[in-house]
Structures are given as structure tokens and as C-alpha cells.
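The values are calculated or read from the model by the stated rules, or taken from the named source; none is laboratory data. In this text the structure is predicted, and so the values were computed from the model without any measurement. As a convention, Cβ positions derive from the backbone with ideal geometry for all residues, glycine included, and neighbour counts pool all protein chains shown.
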Amino acid sequence: MTRFLTPSKIGLLALIELYTEAAVPVTSTIPILSFVLNQLLPSTIKSQSRSSNSSSLESLPFLLDLHAFETLLAAHSSAAGLPGRTLWDKFLQKLWGIDSLNALHEFFANRAFLLAKSPEEMKKDGEMGIPPPSQDMILLSRTSPFGGFIRRAKVEFDRLRFSDALALWISFAKWRQESKVYCIRRNGALGRWAGDRALEDGEEEWGPEATEMLELVAYGNDLDGVDDGAVSTDDVEKLLEFQVEQMQKFGNRIPYEVRDKFKGILEGGVTVPSLSHYQNFLDAWRAGDYPTSFDNLHRYFDYTMQNRDRLFYQYALMNLAVLQADFGCFEEAVAAMLETVSTARENKDMACLNFALNWLYHFGKAHPKFIRGSESTNMLGVEREGLVFLRTKAKETGMWTLWSSSLLSEAKLGMSSGESIATAFENMVKSSQLIVERNMKSMMGPQMAMSSSLWGRLGVSHLSKEYCEVFLGCHARYALFDDTLRFSCRIAQFLAEKGQYDEAMKRLESMDENSLRSWKANQYWLKYRGILRLKRDLHRNNLDGADQLLSQLLQSSGVDADPDLGFEINILHIDYLIRRTDFSRALAKIENLASAMKEEGDDIALRVKLLVLKAGLQDKSGRPQKGFSVAVRAASIAWRARLIPLLWAAMGAIANILNSLSEFQAAAQILVAIIPRALECETFSMNAQLYSYLVDAHMGLAGKADAGSLKRKENLTRCLEFIDRAFDEYSALEDIKGQCEMMAKKATIMKVVGEPVLANDYASKYLDLKKEAALAQA
Amino acid sequence: MPLTEQDTAQLRAALQEAVVKCSERCLYQSAKWAAELLTSIPPTDEASEPEDSQMTEIPPDGLPPIVVTGNLDPEEAQLEAKEINQYLLAKSFFDCREFDRCAAVFLPDTVLSGILSSTSTRGPENATATTPKGKGKARVSSGRSASKLAPILPKLSQKSIFLALYAKYMSGEKKKDEDSEMVMGPHDGGNTTNKQLVTISRFLENWFREHTTEAGEVVGSQGWLEYLYGMVLTKDKNEEEAMRWLIRSVHLYPWNWGCWLEMTSLIGRVEDLNRISPHLPQNIVSFFFHLHTSLELYQSTPNLSNSLDQLLSIFPTSPFLLTCLALLAYHIKDFLAADAHFSNLLALHPHRLDSLDHYSNILYVMNLRPKLSFLAHLCSTVDKFRPESCVVIGNYYSLLSSHEKAVQYFRRALTLDRSCLSAWTLMGHEYVELKNTHAAIESYRRAVDVNRRDYRAWYGLGQTYEVLEMHAYALWYYKRAAGLRPWDGKMWMAVGSCLQKMGRDIEGIKALKRALLADSYYDAGVGSSFGSGGRDKGGAMDPEVLLQIAGMYERMEDMGEAKLTWRYSQSSDDESRPTGGGTSGDTGTGVTAATSKARMWLAKFAMRMGDYTRAMQLATELCQDGVEVEEAKALVREVRVRLEIGGGDA
């Protein structure tokens, strides 16, 4: 494996020469130049200036073969020479003009003529009597991309050892071999030994047999065979950089076919770029292979140590810490990160320091237990101060990502502790401005997630969902796969809340398969699918199935489990227990969660949710009044923190309590006031619940009115109407139990109204539902 | 030299035996040489023997034992049979390059050290007993109590002794290579020696003493130990003695090519060769030797090519002989023929790298870049760690003017083999190109130390000193080069111009005249090899040289001679002038800067002498030539004025 030069680079040089000879007609200049530039420029620059017409260039193979050149050049006619000849012909003529190892040397020696001369050289030439080059030639500036490429190629060729130059020549001969047939057809002048002048000249003298033998000795016996030596270290490094960047950007693993290709390439060369270890590390990390990733990380830094000294020690530590944390070794992770902080301070590496502090902050948020033991609180002070510190630091050092993420963190902190929504908005807008200004595509994910969750808390679930869709539609291409996954799950959640389980499932199923090979993402994905199915089972009252799923889901909720998912699973567990009418365990679970939350200072929304659940539990156990204080507290917190959907749920609980206290009028008034706004939240289970409370209230009102009075009748009619509404919501959710309940209520009302036939009908419908559910379960 | 069927068979048998015997003694290069020769005998195509005739040589009772040959001497045979197991062990050690271990199988270190100490204790006695030639290394006249004083030598067969001592020698060589510094490094004086030589020579000395009869005959010796002794003596610079032993060896066993090569390396001049020839055995190998040595001495007599042709008729495809043929052509500067021969050789033996470095020199001189690049390609593919390959590659880089790289490759060649002569010389050339005169001088010097017959190195040394303006030194080296190549005009020219610069005009003129003579000699040679080619310009002389000579005469104020020479010089394009442009390239040299200069001088001289018409004629000619037109025109004007004045006077 050579360092830089490959046959395809020789091809590019020849193409550049064609261009400088003005053989390229004006109309085809742009495609050809962009073709060459696409090969020369580093991928980072390319990705920034992605234009619409470069799609054809992107489909090029990594190692240019002759076909790539042919498809490009055959379409353009040559500006000079015989009419009817395409640039492809000219190009081949150039390639086959290199007819010996010596010609290759000369080819490279002549590259210097393509460059514009410096004034001193011009002067020297003038003294020597060499005329200045003709005006027709396009001379390349020494500092242009082309000029740089030519100079680099020349230098690289000069420093090749003979055997390497020879290897280049042989692989070049192999590379162009496939065009031989075409050349013969076109020019008819190429003999058997075309491509090597020595053989061609010698044939007369030696005779064909001896010549063939010499050819075999010189070139080996597979000149027509596939060439695998055409990769240079430079190419591989470029490729690795690209791959690592991709992996870091999207958090994916290497696709199988790419990995196999890599293996093939790296096996060929003696020198394996150290970056490949890093790539292996990333891959193993994503694959959840702890020992391998650890090993490879160390290997990478062992190999890079020699040329970069100890400068990068803090980065090594940082990588180590992140890795440790990812695999659940939190103590080690914290220790490593603290070391990173001190090393970065020592080396005055502000970027690294800020990143480490940021990471520590987030880590502390996620795992307060581990951070408490260490003295990190001294390092960052109180949470908020820490964030402010980070923000100002980021501003000073120009780390825009960190700045915006600290703004978002601040917004999140405010939100989770139930503070002013306006402040949260302010922070988000600031961060948004920053992101747009600095074109930080990678930060789009957190920003959108924050907006989405804020709107969700404010009860505008439509907007919240729309944010998710916008992200998936517009920004997913540039973002981590984790973000994409989370947004997809969120949408699935919205869908599930509306009872569209199949669609939600489909949403998850359609995720990119390769990205799901990443271990963490895969776990998340699996769990989320489990949650969706669990929800469905619970609604369908398929408690055995739910039990099975729950036992699996609860098992995997260890320390390393995602906190959001953990909470969701716990809620569902409580729901399951309630449906099993195992109220005492449900209560115990709620109490457990609540106390844990109080300790960790978790998101206020979750706490309110628990309170509401508790109130609901009291109701289920037949003692709604006991939940009064809880419900009121929930309502007041929710109101203060503007947790709108939870507020309605809490108000519903209060209304229910009022019902139980026979304050039907008040209950009905509350419910009538909140239901329209609750509908906005698009949470069908809550809607159904509220409607059924309303039915209860009206029923109570009807009961209070005189028998046969208009008021009673009116209330009963309302009851029926709301029962239908509730029934619709329940059936959308496929909630059998709710449906049955509503049917039963309806049948009772009919009986009260005195329509036994209808009552009978509804009763039989009730039985049908039950039967159906039983059938579905079986 | 037609051979009968029987002779051929005999020859073949002898060669087969030689291959086996040489490889038994781990003389691989000699074995290779013999085997190459063996396969180049054309098979006799008799109708009755459809299968490969070489197979028919095999006795009916199966293949000859390749591993071990028998010995004709019954005593030796018995010993060999007894030692067969140890021998096989030692041989395999040698093959694994564990030389010390190999030697220790037969001659444990105690025995060897015993030999060393015993000889050193009887130092004074030894001094009295030595023959006048050697310093303690020559043989003791064996009549007296030698057997009592000599240490007890183990009773071993000669083959085993040879193998053991040769292994010792090789081990010494290996150590020497390991001890020596980087090529041309600060401590690389080229003076590391093989430390085992003393032991070996002592041992052999004793052995020969034991086996020598009163008449000076070594009883039962088979030639191999003599060869080894000769080799050791060569390394000790005891060349007379070495030659004696080597000659003795080839008498006893002529098919050991390595021995002949050692002899070649000891012969520095043709006279030496002629002196030695009568003492040599008269057989075909001796013939080979004569040919090879003559070539090494840059001889190129028709006699030589004749004998080469004879040998070729026996071994038509022998790569060795084909190489000789090419070298012969190279030495008479017939590059085209040499190229053709080598090219032919390449086609016949594409994997053979030997002496391709000479081919690369030829291609270098002919400036055939693609061919040279192909040759380098081929060599590098076959084996890139052979000195020959490295030299070829170095030559190629030199042709591309990447002198640093060239030096690097020559250096590599030297690291692989320090006695690689051409690499030293070529490296010197590269250093000259790089203007590193000190390094250049050192490399040339090393080349000369390796082989005193290399005229290019001598010449290079002279050139380098000339660059440094140390003419006396340069002259000395040029003279050495000229002595080696008496018929090469370039050498004499160098000598001449050097003398000129030192102000020794008479000698300089002599040397330059000799150069002119030599040039015409070689040109004649070329002409003959081309048959009726169009280059029969035997009489033409290089105008540059003539110019130089004329300059010197002028300085000596010998105007008559000077004028004569100038005229010669000018006339070398005169011949072509009348015939016009059509044939001007064929005869004479045409108009060159030199002839124009000569014409100018003559014109001015004619002016001074007052021969204005002649001056006028020459000046107008000069105007036609188109060289130095301005000056010529000025001259014409002046002549015209003078003529007018002269006319006025008259």
C-alpha cells in the first residue's frame, strides 16, 4: 500500500493535463472540473457545499476505476484533434502513452510543467533562453487545489522507493488493462505487448515466447486479474475519517458490507492507520461489546501517543469516561471524568474542560447518586450556578454547541422544577438563534425535543407532535440516530394515546435497520416496542400477556436503563396492578416511586402524575374522598407549573371526589369547563375518563331531580350523550373495560328511562363485548 | 573445437560430479556455475535415444547418490563412510547458516585453540625453520621433528576438514560483516578482518606438514584444502604463496570454479596471466579461466573472441559464455552488440541476475531509459535484495538524475555485499555528481582496494583530484587507468590534459597523440565488428584533441608544428565540405565549434604572417559556417583594409 499515489490518482493527473492542454471544450469544463475536485477536496469541505447537481458524483465508487472515468469522459467531445474523438479517447491515449516504468517517471517529472512558474523561475528561464509557455496552455497556480495536488503527487512520487514505484507501475498497468480492448478497436495500433515499450521493442529480438516469459517474470501472471493494490494509505485515511465522522454524527455502527470492505483493504496493507482502531472502538462500543471497545480504545491511544505526545491524554480520558458511563460503570466514569477535568485544566485545554464539565453536569442530572459522593459539587457549585458558569465559559471560548446546550439545559431545569415558562422560552429562543446563526445541525435534535416537550406540557399536543414530524422530515439526516429514534418513539406514543397502535408499531418498525444494530438504540427500540404492546394489552384487558411483557420490561430496568422509559414502565405497572385490583401493591409502588423522586429531585411533571395516579387509586378502591388533598395538591402544582394535561387530569380527579360528595352541580361545572380544553391534549384515555365523570355528575343531578321531571330527563339525555362520547373514546383506545362500563351504564339508564328493549339490547351488547374480548385473548 | 560424442559424455559426467562435489562442500556459487554449464551442453539428438540424453548418462543401477559422492581414495572413502552421520549433521548446520556449530562438529573449539597455542609456543623455533618467503605462515620444512612438535590433528577425512574449516571461514566472514560499520559511515574504514583466518591457516599448515612427503608432495590430497589455504593466504595478502596453492588445487581438482576465480582476483596484469599460464593444467576449465581473466583485464584481442567462439560451440547456451561475449563487446566499446548479447541472455534466462549490473552500465551509457527501467523492474521483481538488482536500480536513478536515490541504492548493494566492485565505483560517480568530492574519493579508493583492475575507479579518482586542482595526484591516477586500458583514448586524453595543466607540454603532447592513436585503434575494431558498415573513418581524428595539442605547441612557440596541427584540426571538416550537405554526416566530423576555432586561429595566424589571401579565404569560410560570425566579419573587414593598404603601398 503506497502512502498516497494510486492508479486512479495517475488517472486524475492525466485528466488535469488534458484540461490544461485546453482539450476540454468550454461546455464540458464544469463537469470535468467538479469531477476532479470531488476527488481532491477533503470530505468536510464537500459536505458543507453540497449542491444539487453533485448527486451523480456521490454515486462514484470509493476507488475510481476506469468506468468512472469513461462515464464522465465518453460524453464529451474533444476540443482538439480529430473530429469524432471524445475526451475518453484522448484520455486513454494519455494513459497508454505511459508505456514503461521510465515513462511513468517521466510522467511525474513532467507534472511540474503544468504549474505556473514563480517569478524567480521565469527569470531563470529567461536567462537560460527558455521561452515562456504558450498562451494556450492553462497553467495552474501552485496554491490552487489542482496545483497542490500536482505538487503533492510529485513529491510523493519522488520519495517512493524503487520497489514502491514498481508496485505503483504494476498496479497501474493492471488498472488500465480493461480499456485495452477498446483502445485496440479504436486505434488498431496497439500490439500484444502494448503498455511496455521494452517488451514491445524486444519482441523482434527475443521472439514471442521469450517475451511472454519475460512478461510473466516482470508482471506476475495475473495482469488481467482484479487488482487489489490500488489503495493508498491516504485513501484509507480519508475513508476512515469519513466513516468515523459518520459514526460520530449519527451514532451508527458500520454497515456489514462496508465493514467487510474495510477488512479487505486493511488486510492488504502493512501499515494500518491508527484511526482504524478508533473506528473499531466506536463500532464495538455501539455494539455493546465492552471488552473489545475498551481494548480498541487503549490500542488507538497507544498508537497515537507516539506522534502526538501526551497532548491528547485528556481526550483519551474523556473517551474512557464516556465509555465507562455507557456501560454502567458509573464510579469509574466519574473518576475518569474528574481526572479529565484536572488534566484539561493543567493543559489549559478549555474546550475539553468545558465539555467535561458539561458532561459531568448532565451525568449528575441523570445519576445523582454517583455524583454525590465525589466532590464535584464544589467544582460546579449549585446546579444553576454551574450552568451559568458553563454558559459564560462557552461564550468566552466560542464553543457554540456547548453554549446552546447549556441554554437548553437551563430551560429544561426551569421546566422540571416548575418555574416560569417564559424564562424557559427565552432560553430556548436564545439557543435557537445560536443554532441557526452557527448552522449547528447537530444541535437541532435537542432543540426540537425541548420545544416539543414544552408544548406537550402546555397541552398543545398537536404542536408537540408537529415538532417531532418536522425534525424527522428535515433534520434527521444530520442528526444522531438516537435523536431520530427518540422522536419516532414520541410520535409512536402520541399515536398510541389515540389508540392507533398499529400505526405506532409501523412507525417503529420502519426505522433504519443498520442503525438499530447499535446496541443502546436497539435496547431502547425493543423496550419501546414492548411498552407499546403492553399498553395495548392493558387496554384490551389482556392481563396475562401484559404480565409477561411487564416481567420482561421490569427486569431490564436496572441502573443503566433510560430514566424516561423506566418511569413509563412503572406507570404501566401501576396501571396493571390497578387492573388486577391489587390496590395495596399499586399504592406501595406509587409511594416508593414518590419517595425516590423526592430524594432525587426529579421532574415535577412526573411527581404530579404520581399524585394524580394516587388520587385515581383511592377512587378505584372506593374511597375517593381520601384522595382529596392529593388531588388538590396535584392540581395546584400543575397549575403553577403550567402542566396543562396533568392539571385537567387532577381537576377530573377533584370532580370525581365532588361527585362522591354528591356535589354534582359543582363537579359538572368543573368538567364542562375543562373538557373542551382537555380535548386539545388528545389524550383519549383522559378524555374518556372525564366524560365518564361528567356522566356520573349528570346522573347524580338526575337523581337529585324529581322523578319524571324535565330536569331529570334532560340530565339523563345528557348522560346518554356523554356515555356515547366516552364509549367512542374507549373504543378508539380498544379499552374493553371502559367500553363495557359505558355499555352497562347505558343499559342502566335505559332501564331507568323505561325502555327495557333498548336496555336489553345494550346489555346483550355488553355481553358481546365481553365475549369478543375473551375471544381476542384466547 | 569439435568434441566427439564420448568427450561430451565425459565432460558431462565431470560437470555433474563437480556440481555435487561443490555443493557437498557448500561452495554454492561454484556449484551453480558448473550446473549452468552442464545444462548448456546441447543434448545429442540421436534417433535411438528419444528421451532426454542427460538421463541416459545415468548408470543402470539408478541415480548417482546426490547427497554424498564416493571417493576414489580408499582411505578417504573409509573415513568418509565412518563420518557420514557427523558429516550430514555438519552439512545441515551449514545450510542453516550456523557456521560455528558446523565447524564444532568435526573440530571442537578445544582442538582449534590447541592448534593456536601450540604454534605460538614454538614461535622462535618456527622463525628459524620458516622458508624465506612467509612470516611464520609458510610451511615448515617437514623433515625434522615436525610430527613431534605439531599438535595432534584429529583423524578426519579431507571433506570433513574442508567443511569444518570452510564453516569457520564463513563464520569469520559473517562476524566481519556484522562488525563492520555502516557503509561509508564514520567508522567504516574497511579494515575489519576475518578473525578466523589465523586459526584456519595454522590448522592447514599443520595438516599439510603432516601429509607432505620428503619430495614436497602432499600425499592423498584432493585439492579442496589447497583451495581453502589459498583463499586464506589471499586474505592475508600473501599473494605469491596463495597463487602457488591455488594452482596446486586446480591441478588436483580442476572443476572448482571458485578456485579459478580466486586466481583471477590475484592476477593484476596481462603479464601475470602470461607468466602463470604455463603452470596451469591444460583442460577446458583452464580455457575458461583464461578467457574470464583476460576479460577481467579488459583484453579484447581477436584471439580471445576466437577462443570464446570455440567454447560457445560446445556450450551454445551457457549464460556465462554469453555474458563473456557481451562483456567483450562492451570492452571494445561496441555497445550495440553488447546490448544485443545481454538482451539475448535476458530472454534465455529471465531469472538470472548475475552480471546484469554490467548490462545496466551499458544501457546507461547508451541512454536507453525505457530498457533500463524494464531491467530494473525485472531485477526488482526477481530479487530486490541482490547487489546486482540494487546496482541496476541505482544506475536507473542515476540516469534520471536523482543522484541521492542512486547513492542510496548503491549503498544498499554494498551493505549486501561489500566486495561489490561496480557499486563502489558507481557510488563514486554519484558523489562526484553531488559535488561531494571527499566521499567520491573514498568510494573510488574502496573500489580500487577491492579490485585494482578497475580502470573506471582509477579514472574517477583522477577526475576528482582534477576537480580539486591537485593535478599531480590526478596524473598518477590517470596513469594507472591508462596502464589498465592502454588502448583507450579517453585515458590518454585525461593524462595529456593533466600534463598540459601542469605545464609539462612535451609529455602532454605525447600523451594526446597517443590518445589520437588509441581512438583510431578502437574505431577500427568497431568497424571490423560491423563488417562493411559505413563507419570507416579510421583516419579521422578528434579535432578537440588536435586543438589541445596545437595550443600546447603554440605555447612552446613551435609555430610550425602548431600550424600543422591546427590545419589537421580544421581539415577534419574540410573533407566533407566540398561534397556539400548531402553526405556531410558520413565522413569527417562536419562543422563543429572546434573546427571553427581552428579555422579562426589559422586565419589570424595567416594575418600575422601576412598571408592575407589565405586569411581572407578562411575568414569567409568562417562566415559561412555561421559560428562566431561577428568576429569573422571583423576579421574580413580588417583583411580588406590591410589588403587595400597593401595595394596602396604597392
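Residue-level analysis places A:Asn53 outside the set of residues that are in a helix (DSSP H, G or I), at pLDDT 85 or above, polar (S, T, N, Q) and surrounded by fewer than 19 Cβ atoms within 10 Å (Cβ to Cβ). Looking at B:His403, is it at negative phi, more than 9 Å from chain A (Cβ to nearest Cβ) and of a type outside the set (A, V, I, L, M, F, W, C)? Against the criterion (at negative phi, more than 9 Å from chain A (Cβ to nearest Cβ) and of a type outside the set (A, V, I, L, M, F, W, C)), B:His403 qualifies. Against the test of being under 14 Å from B:Gln463 (Cβ atoms) and either within 14 Å of chain A (Cβ to nearest Cβ) or outside any helix (DSSP H, G or I) (or both), the options B:Lys435, B:Lys384, B:Lys371 yield a single qualifying residue, B:Lys435.
Matching residues to (1) at pLDDT 80 or above; (2) under 29 Å from A:Phe69 (Cα atoms):
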residue: A:Ser171; (1), (2): yes, yes
residue: A:Arg176; (1), (2): yes, yes
residue: A:Arg185; (1), (2): no, yes
residue: A:Ala189; (1), (2): no, yes
residue: A:Ala194; (1), (2): no, yes
residue: A:Leu199; (1), (2): no, yes
residue: A:Glu205; (1), (2): no, no
residue: A:Pro208; (1), (2): no, no
residue: A:Asn221; (1), (2): no, yes
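Does the stretch A:567-591 hold any residues that are part of a helix (DSSP H, G or I), surrounded by fewer than 18 Cβ atoms within 10 Å (Cβ to Cβ) and not hydroxyl-bearing (Ser, Thr, Tyr), and which are they? First the steps, then the outcome.
Quick first cut of the stretch A:567-591, residues part of a helix (DSSP H, G or I) only: A:567-579, A:583-591.
If we keep only those that are surrounded by fewer than 18 Cβ atoms within 10 Å (Cβ to Cβ) too, we end up with A:579, A:583-585, A:588, A:591.
A:Arg579, A:Phe583, A:Arg585, A:Ala588, A:Glu591 - these are the residues of the stretch A:567-591 that are part of a helix (DSSP H, G or I), surrounded by fewer than 18 Cβ atoms within 10 Å (Cβ to Cβ) and not hydroxyl-bearing (Ser, Thr, Tyr).
When B:Leu321 is tested against (1) under 25 Å from B:Gly489 (Cβ atoms); (2) more than 14 Å from chain A (Cβ to nearest Cβ); (3) crowded, with 22+ Cβ neighbours inside 10 Å, only condition (1) is not met.
Evaluate the following for A:Gly264: is it modelled with pLDDT under 80 and crowded, with 16+ Cβ neighbours inside 10 Å? Against the criterion (modelled with pLDDT under 80 and crowded, with 16+ Cβ neighbours inside 10 Å), A:Gly264 does not qualify. A Cβ distance below 6 Å, combined with a sequence gap of six or more or placement on separate chains, defines the contacts here; from the stretch A:203-216, residues that are more than 9 Å from every other protein chain (Cβ to nearest Cβ) and surrounded by 14 or more Cβ atoms within 10 Å (Cβ to Cβ) reach residues that are assigned to a helix (DSSP H, G or I) and hydrophobic (A, V, I, L, M, F, W, C) in the pairs A:Glu215/A:Leu199.
Here is a yes/no grid of residues against (1) of a type in the set (Lys, Arg); (2) modelled with pLDDT under 85; (3) surrounded by fewer than 16 Cβ atoms within 10 Å (Cβ to Cβ):
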| residue | (1), (2), (3) |
| --- | --- |
| A:His277 | no, yes, no |
| A:Arg286 | yes, yes, no |
| A:Thr292 | no, no, yes |
| A:Glu331 | no, yes, yes |
| A:Leu338 | no, no, no |
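Taking the criterion of being within 9 Å of chain B (Cβ to nearest Cβ) and either within 41 Å of the chain's Cα centre (by Cα) or surrounded by 19 or more Cβ atoms within 10 Å (Cβ to Cβ) (or both), the only residue of the stretch A:149-164 that qualifies is A:Phe162.
Return the pair list, or none, for Cβ contacts closer than 7 Å from residues in the stretch A:492-519 that are closer than 30 Å to A:Phe281 by Cα to residues that are of a type in the set (Gly, Ala, Ser) and assigned to a helix (DSSP H, G or I), at least 6 apart or on different chains. Matching pairs, first to second residue: A:Leu508/A:Ser488; A:Leu508/A:Ala492; A:Met511/A:Ser488; A:Ser515/A:Ala521. If you check B:Leu345, B:Leu353 for being within 28 Å of A:His105 (Cα to Cα), assigned to a loop (DSSP other than H, G, I, E, B), within 14 Å of another protein chain (Cβ to nearest Cβ) and without any contact (Cβ under 8 Å) to a residue 60 or more places away in the chain, only one passes: B:Leu353.
B:Leu328 versus (1) away from every other protein chain (no Cβ under 14 Å); (2) surrounded by fewer than 21 Cβ atoms within 10 Å (Cβ to Cβ); (3) over 20 Å from A:Asn102 (Cα atoms): which is the lone unmet condition? B:Leu328 satisfies every listed condition except (2). Selection of the stretch B:271-282 for residues being surrounded by fewer than 18 Cβ atoms within 10 Å (Cβ to Cβ) and either of a type in the set (D, E, K, R) or in contact with a helix residue (DSSP H, G or I) (Cβ under 9 Å, 6 or more places away or on another chain) (or both) yields B:Glu271, B:Asp272, B:Arg275, B:Ser277, B:His279, B:Pro281.
State the number of residues belonging to the stretch B:312-330 that are assigned to a helix (DSSP H, G or I) and touching a helix residue (DSSP H, G or I) at 6+ places or on another chain (Cβ under 7 Å).
The first filter runs over the stretch B:312-330 and keeps only residues assigned to a helix (DSSP H, G or I), leaving B:312-314, B:319-330.
Subset that is touching a helix residue (DSSP H, G or I) at 6+ places or on another chain (Cβ under 7 Å): B:312, B:319-330.
Number of matching residues: 13.
Among helices (runs of 4 or more DSSP H) entirely within the stretch A:477-565, having at least 3 residues that are within 20 Å of the chain's Cα centre (by Cα) singles out A:481-497, A:501-509, A:519-539.
Among the residues making up the stretch A:87-132, those that are over 19 Å from A:Phe149 (Cα atoms), free of Cβ contacts under 8 Å to residues at least 60 places away in the same chain and not in a helix (DSSP H, G or I) are A:Gly129, A:Ile130, A:Pro131, A:Pro132. Of the residues in the stretch A:108-116, none is modelled with pLDDT under 85, buried (at least 17 other Cβ atoms within 10 Å of the Cβ), within 14 Å of chain B (Cβ to nearest Cβ) and within 30 Å of B:Ser360 (Cβ to Cβ).
Using the structure shown, decide if A:Ala666 is in contact (Cβ under 8 Å) with a residue 60 or more places away in the chain and surrounded by fewer than 22 Cβ atoms within 10 Å (Cβ to Cβ).
Details: in contact (Cβ under 8 Å) with a residue 60 or more places away in the chain: no; surrounded by fewer than 22 Cβ atoms within 10 Å (Cβ to Cβ): yes.
So A:Ala666 fails the test.
One residue stands out among those in the stretch B:387-400 that are in contact with a Ser or Thr (Cβ under 8 Å, 6 or more places away or on another chain) and more than 10 Å from chain A (Cβ to nearest Cβ): the one that is farthest from B:Val432 (Cα to Cα), which is B:Glu388. Among the conditions (1) of a type in the set (S, T, N, Q); (2) in a helix (DSSP H, G or I); (3) surrounded by fewer than 19 Cβ atoms within 10 Å (Cβ to Cβ), B:Ser401 misses just one, which is (2).
Could you say whether any residue in the stretch A:599-608 is at pLDDT below 90, closer than 15 Å to A:Ile578 by Cα and touching a Pro at 6+ places or on another chain (Cβ under 8 Å)? No, the stretch A:599-608 contains no residue that is at pLDDT below 90, closer than 15 Å to A:Ile578 by Cα and touching a Pro at 6+ places or on another chain (Cβ under 8 Å). Considering A:Ser636, A:Ser685, A:Ser662, the condition of being outside any helix (DSSP H, G or I) and either small (Gly, Ala, Ser) or touching a Phe, Trp or Tyr at 6+ places or on another chain (Cβ under 9 Å) (or both) is satisfied by A:Ser662 alone.
The test for being part of a helix (DSSP H, G or I), away from chain A (no Cβ under 14 Å), farther than 21 Å from A:Leu216 by Cα and modelled with pLDDT of 85 or more holds for B:Asp309.
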